[in-house]
Each structure stands twice: as C-alpha cells, then as structure tokens.
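Input: a single structure, listed below in structure tokens.
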Amino acid sequence: MLFIMKCPICGSTDLLPYITVNNHVILKCGQCTHGLLDKQSKPIYDQAFFTSHYEAPLPGSSAFQKRIRRQRKRLRKLGKPTRGARLLDVGCGMGHFLYAARRAGWQATGYDFTEENRAYITNILGIPLLPCGPLENQIEEHSFDAITFWHSLEHSPDPKASLRLARKALRPGGILLVEVPTHDGLDALTSGAAWPHWDVPFHEQHFTRASLHRLLAGLGFELVREYTYNSDYVRNTLKKTVFSPLARLISTAFQGNSLACVCRNAATPESPANEKTED
C-alpha cells in the first residue's frame with residue numbers, strides 16, 4: 001500500500017524536499033510553507049536524549065534562580081492570573097516554568113512523560129503533575145484557564161490533534177500560548193542546515209509564521225498578540241561594525257529564531273469554535 005504524506009497543517013500533498021540536515025530530509029509544503037520531517041526520519045526518544053537536553057539545578061542555586069528569572073519573563077505574556085486560575089504546561093521539561101507560575105498565583109500543573117523530569121519536578125520542586133498516560137484521558141472539558149506549549153509542539157507528530165485537545169480543555173475565553181522555532185526567520189535563512197533549531201530528528205514539525213497562524217485560526221483560536229525574538233544574526237553582525245552600540249536594538253526589528261502566539265479560545269460550551277477542516 002502506497003503511503004502518501006500530507007501536510008499536518010493544511011492537508012496538502014504538495015510536499016517537496018526543502019533542506020537536508022545531518023542526513024535527515026525536511027519537506028516543505030507548497031501551500032502553507034510548513035516544514036515537516038520526512039517519514040523515514042522519525043525520532044526515537046529515550047532517557048539519554050532528555051538527560052542530554054535538560055539540566056536539574058537545585059532550588060536556591062544561582063543556576064536555578066537564573067532559570068526562574070527567565071520563566072518570569074515568559075509569564076508576562078500571559079498576564080496576571082485571576083484567583084484560582086488553572087494553568088497546564090504541556091511538555092513541561094524540568095518544570096521551572098511551573099515553579100515560577102505557582103509563585104505568581106497560578107494553580108499550575110504540567111504534563112511530561114520523562115521519568116527524570118517527573119522525579120525532579122515532583123520530588124525536588126514539590127509540584128504535582130498529571131499522570132504520564134495519554135493526555136486525552138486525563139483532562140476534563142473546559143478545565144483550564146491557560147494552556148502553554150513552550151517549544152513542545154514541534155515535537156508532536158500531529159500538532160492539529162494536540163491543539164484540538166487543548167481547545168477542548170480550555171474554558172471559553174481561555175488563553176493558549178504556543179512558542180515554536182520558525183524557519184522563515186532571518187536566523188534560519190542565513191544559517192541554512194547549520195541552524196540549531198532544526199534539531200533533527202527530534203523536531204518533527206518546522207513552523208513558519210504563516211503555518212502557525214493557519215493552524216491556530218483553523219482550530220478556532222483568536223490571535224491576541226504575538227512575540228518575535230531578536231535576530232542573533234543581525235545582532236552578531238552589527239557587533240563587528242561601528243553600529244555595535246545599537247546592535248541589540250536594531251536586531252529587535254528582525255524575526256529571529258522563535259515566534260510566540262498568545263490566543264483566546266473562541267469556543268463556548270453551547271457552540272464550539274468553528275474549526276476549518278482542510279484535511
């Protein structure tokens with residue numbers, strides 16, 4: 001039986017090889033610009049992968065405090081929580097965002113299937129997590145005020161299914177925040193195959209601003225605001241010139257490595273958000 005790959009965002013079969021990174025082929029959709037890992041390059045996750053990608057500093061250490069300060073900056077994108085507001089962080093890693101969120105007033109919990117991550121979060125940070133079974137079996141409809149995907153959606157084999165579940169779990173008017181690497185930024189375009197955020201084969205999805213917007217709008221999420229990050233390429237280039245004092249400021253005008261979209265769940269209990277079906 002012939003297997004035909006389809007774009008997970010728009011359902012198109014117009015997929016052509018775009019770039020080869022460490023012998024892994026990334027395809028690009030001719031309709032929505034989304035990139036995806038070729039079906040022959042599927043990742044195999046094991047404990048060694050996660051051990052190599054995460055560090056577990058102890059609370060009170062300077063390394064730990066540095067990470068919490070970084071997570072507080074992320075929290076600003078959500079705004080201040082109302083009393084009793086519930087937050088779910090999907091793919092929560094080492095849980096530092098959860099730690100910062102709980103101290104900011106959120107009733108925050110996370111989901112992660114890695115044993116070392118879960119042990120650190122529950123035993124060291126003292127934060128309860130959802131069980132590591134299928135997520136769809138563990139969350140109730142309209143049970144969260146905010147759901148975040150901090151650089152986790154690019155790991156999903158089916159990002160549309162992941163966000164459908166998030167929409168179902170969010171209360172009407174709840175906030176979804178998705179941050180992913182975007183390969184249409186200046187940093188990726190100038191770096192080519194050397195761009196570190198390809199991270200193959202562990203990143204299965206390779207978003208552009210257009211493909212992420214299309215995914216969110218198609219599922220009924222209303223874009224509230226978005227954030228791009230400074231272009232490392234522009235900043236580092238200008239640091240070698242007479243414009244060095246202005247390098248950081250100028251770099252903010254260019255899309256760098258990632259994009260964060262803050263969205264509102266347009267669904268209501270009586271009338272679910274109108275999902276635009278394309279597949």
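For the subset of segment 231-255 comprising residues that are of a type in the set (Val, Ile, Thr) and within 24 Å of the chain's Cα centre (by Cα), which member is modelled with the highest pLDDT? For segment 231-255, the residue satisfying everything is Val234.
Flag not set for Asp158, criterion: closer than 22 Å to Leu78 by Cα and among the charged types (D, E, K, R). The lone criterion from (1) of a type in the set (A, V, I, L, M, F, W, C); (2) under 17 Å from Arg209 (Cα atoms); (3) at pLDDT below 95 left unmet by Ile139 is number (2).
Identification of helices (runs of 4 or more DSSP H) wholly contained in segment 203-267 with 3 or more residues that are out of contact with any Leu (no Cβ under 9 Å at 6 or more places or on another chain) and closer than 17 Å to Lys160 by Cα yields 209-218. Every condition in (1) under 19 Å from the mean Cα position of the chain (by Cα); (2) at pLDDT 80 or above holds for Tyr54 except the one numbered (2).
Considering every residue within segment 178-190, establish whether at least one is of a type in the set (Ser, Thr, Tyr), closer than 20 Å to Gly220 by Cα and either crowded, with 19+ Cβ neighbours inside 10 Å or in contact (Cβ under 8 Å) with a residue 12 or more places away in the chain (or both). Within segment 178-190, none of the residues are of a type in the set (Ser, Thr, Tyr), closer than 20 Å to Gly220 by Cα and either crowded, with 19+ Cβ neighbours inside 10 Å or in contact (Cβ under 8 Å) with a residue 12 or more places away in the chain (or both).
Rundown of residues vs (1) of a type outside the set (Val, Ile, Thr); (2) in contact with a Phe, Trp or Tyr (Cβ under 9 Å, 6 or more places away or on another chain); (3) over 23 Å from Thr208 (Cβ atoms), yes/no style:
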site	(1), (2), (3)
Ile147	no, no, no
Pro157	yes, no, no
Lys160	yes, no, no
Ala169	yes, yes, yes
Leu177	yes, yes, no
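Within segment 191-218, restricting attention to residues that are farther than 24 Å from Leu75 by Cα, touching a residue at least 12 places away in the same chain (Cβ under 8 Å) and of a type in the set (A, V, I, L, M, F, W, C), the residue that is surrounded by the fewest Cβ atoms within 10 Å (Cβ to Cβ) is Ala193. So which residues in segment 54-74 are part of a loop (DSSP other than H, G, I, E, B), hydroxyl-bearing (Ser, Thr, Tyr) and either in contact with a Phe, Trp or Tyr (Cβ under 8 Å, 6 or more places away or on another chain) or more than 17 Å from Asn117 (Cβ to Cβ) (or both)? Within segment 54-74, Ser61 is the sole residue that qualifies.
Taken over segment 247-270, the criterion of being touching a helix residue (DSSP H, G or I) at 6+ places or on another chain (Cβ under 7 Å) and either loosely packed, with under 15 Cβ neighbours inside 10 Å or not polar (S, T, N, Q) (or both) is satisfied by Ala247, Arg248, Ile250, Phe254, Gly256, Leu259, Cys261, Cys263, Ala267.
Restricting attention to segment 122-154, the residues that are surrounded by 21 or more Cβ atoms within 10 Å (Cβ to Cβ) and either touching a Cys at 6+ places or on another chain (Cβ under 7 Å) or not hydrophobic (A, V, I, L, M, F, W, C) (or both) total 3.
The values are calculated or read from the model by the stated rules, or taken from the named source; none is laboratory data. Keep in mind the model is a prediction, meaning the values are calculated, not measured. Glycine gets a Cβ as well: all are built from the backbone with ideal geometry, and neighbour counts include every protein chain shown.
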